[in-house]
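The structure under discussion appears below in the form of structure tokens.
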Amino acid sequence: MNARATLTNAMPELVALRRDLHAHPELGLEEVRTSDLIARELTALGYQVTRGLAKTGLVATLSQGSSRRSVGVRADIDALPILEETGLPYASTTPGLMHACGHDGHTAMLIGAARAIAERRHFDGTVHLIFQPAEENFGGAKIMVEEGLFDRFPCDAVFALHNDPDVPFGTFVFRDGPIMAAVDECRITVHGRGGHGAEPQSTADPILAGASIVMALQSIVARNIHPMDPSVITVGAFHAGAASNVIPERAELVIGIRSFDPGVRDELERRIRLIAEGQAASYGMSATVDYQRSYDATINHAAETDFLRALATRFSGADKVREMARPSMGSEDFAYMLKERPGSYFFLGGRVSEADRPLHHPGYNFNDDLLPIGAAFWTELVETYLKPA
């Protein structure tokens with residue numbers, strides 16, 4: 001029996017597991033119940049389970065034969081601070097928290113693969129199943145790496161997937177090189193002089209200066225960055241004042257910045273600082289800039305991406321394999337694992353209807369029919385990568 005048939009037979013159990021995870025979402029670094037469930041499942045299967053990496057992360061290890069080769073597969077386990085609006089019988093039981101990105105499905109897939117790998121034992125070497133917390137906000141991958149993930153659990157290569165409800169069901173999407181952007185956040189505070197709205201000449205209006213900064217920021221990508229270097233500057237929030245007849249003391253802008261090239265990333269920060277300070281000064285005010293670098297760009301390795309592409313073609317047929325035309329401006333902390341070890345990150349499509357909700361939407365629901373596909377693919381990846389001589 002091949003891996004796909006094995007996992008199809010286990011479909012009811014995988015669905016029940018995924019829906020249990022969905023009903024009990026937990027935020028990054030707080031996934032205590034989720035981690036307990038994963039550890040219980042994998043310990044029962046005979047894996048050596050190591051807990052406590054990045055607080056709630058864990059690694060399940062299984063060795064077979066005499067080969068020194070090893071491979072790692074990652075699933076993210078955290079949820080989002082979103083109020084669920086699906087109305088499903090297994091909807092979140094915690095108001096304000098929701099698995100709106102499908103990490104419940106990713107986790108169930110890898111647990112399903114763990115069962116098949118342990119049952120079949122068609123490999124020679126060591127497999128490390130990495131269940132990572134805090135992908136959404138706190139960089140759990142980076143924390144795990146900093147805490148010695150690959151020193152303690154050596155991997156010749158490491159892989160991860162993400163479901164994509166915008167891609168047709170069962171379609172694999174690959175890309176060499178950059179696939180997800182680096183992401184940074186900047187908070188600009190304009191310091192003015194408040195006063196009565198009827199006496200503007202006696203004030204220094206930070207809203208006016210802030211508006212000027214918003215407009216000037218749009219010139220950076222258009223005029224300071226090469227047209228062939230993808231980058232985005234988004235002013236996502238502008239906070240100032242509370243009444244129509246009061247000019248406030250300060251205004252705050254919250255900005256998201258995305259890029260791929262490290263040099264471009266440096267230039268974006270430099271120009272944002274110059275514009276914020278210069279525009280404020282031109283209005284007789286000052287600005288402070290708090291610029292925080294977050295996730296690095298996710299860069300796939302060519303050989304490992306080629307391996308995935310060939311495997312997916314055998315697994316599902318060439319008609320189910322696509323090349324990603326351009327990288328996504330979304331971000332992913334799997335970047336930090338790929339900086340330490342060769343590997344690749346890819347997408348698995350889940351769309352069956354135009355009514356399917358996108359990721360991070362309060363009405364999103366992971367497509368359970370993907371579970372046996374993802375679990376079987378991970379199983380065959382391990383068995384192919386660690387194929388007995």
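The values are calculated or read from the model by the stated rules, or taken from the named source; none is laboratory data. What you see is a predicted model, and the numbers here were worked out from it, not measured in a lab. Side chains are part of the model used for accessible areas, which takes the heavy atoms of the whole protein and leaves out ligands, DNA and RNA. Shrake-Rupley method; radii C 1.70, N 1.55, O 1.52, S 1.80 Å.
Take the Cα coordinates of the chain, assign each an equal point scatterer, and use the Debye formula without solvent to give log10 I(q)/I(0) at q = 0.09 Å⁻¹. Log-scaled intensity ratios, in q order: -0.59. Helix 371-385 and the longest principal axis of the C-alpha atoms of the chain enclose an angle of approximately 70°.
With every protein chain kept in the model, how would you rank Tyr283, Tyr291 by accessible area, 1.4 Å probe, largest at the top?
Working: Tyr283 90, Tyr291 20 Å².
I get Tyr283, Tyr291, largest accessible area first.
Axis angle, to the nearest 10 degrees, between helix 32-44 and the longest C-alpha principal axis of the chain: 20 degrees.
How large, in percent, is the carbon and sulfur part of the accessible surface of the chain at a probe radius of 1.4 Å? Walk me through the numbers on the way to the answer.
Values: 8420 of 16440 Å².
Carbon with sulfur: 51 percent of the solvent-accessible area.
Whole number please: convex hull volume per residue of the Cα set in the stretch 319-363, in Å³?
Each residue corresponds to 127 Å³ of Cα convex hull volume.
Accessible area per residue (1.4 Å probe, heavy atoms of protein chains only) ranks Thr234, Thr384 as Thr234, Thr384, with the largest value leading. Please enumerate, by chain and number, the lysines with C-alpha under 28 Å from the C-alpha of Lys339, excluding those fewer than 8 residues away in the same chain. Of all the lysines, those that pass the test against Lys339 - Cα under 28 Å, at least 8 places apart if same chain - are Lys55, Lys142, Lys387. Taking all protein chains together, Ser259, Ser316, Ser63 sort by accessible area into Ser63, Ser316, Ser259, largest first [probe 1.4 Å]. Counting only protein heavy atoms and a 1.4 Å probe, the chain has 42 square angstrom of accessible area per residue. Counted over the chain, the DSSP beta bridges are approximately 70% antiparallel. Lys55 contributes an accessible area of around 150 Å² to the protein surface, as traced by a 1.4 Å probe with all chains present.
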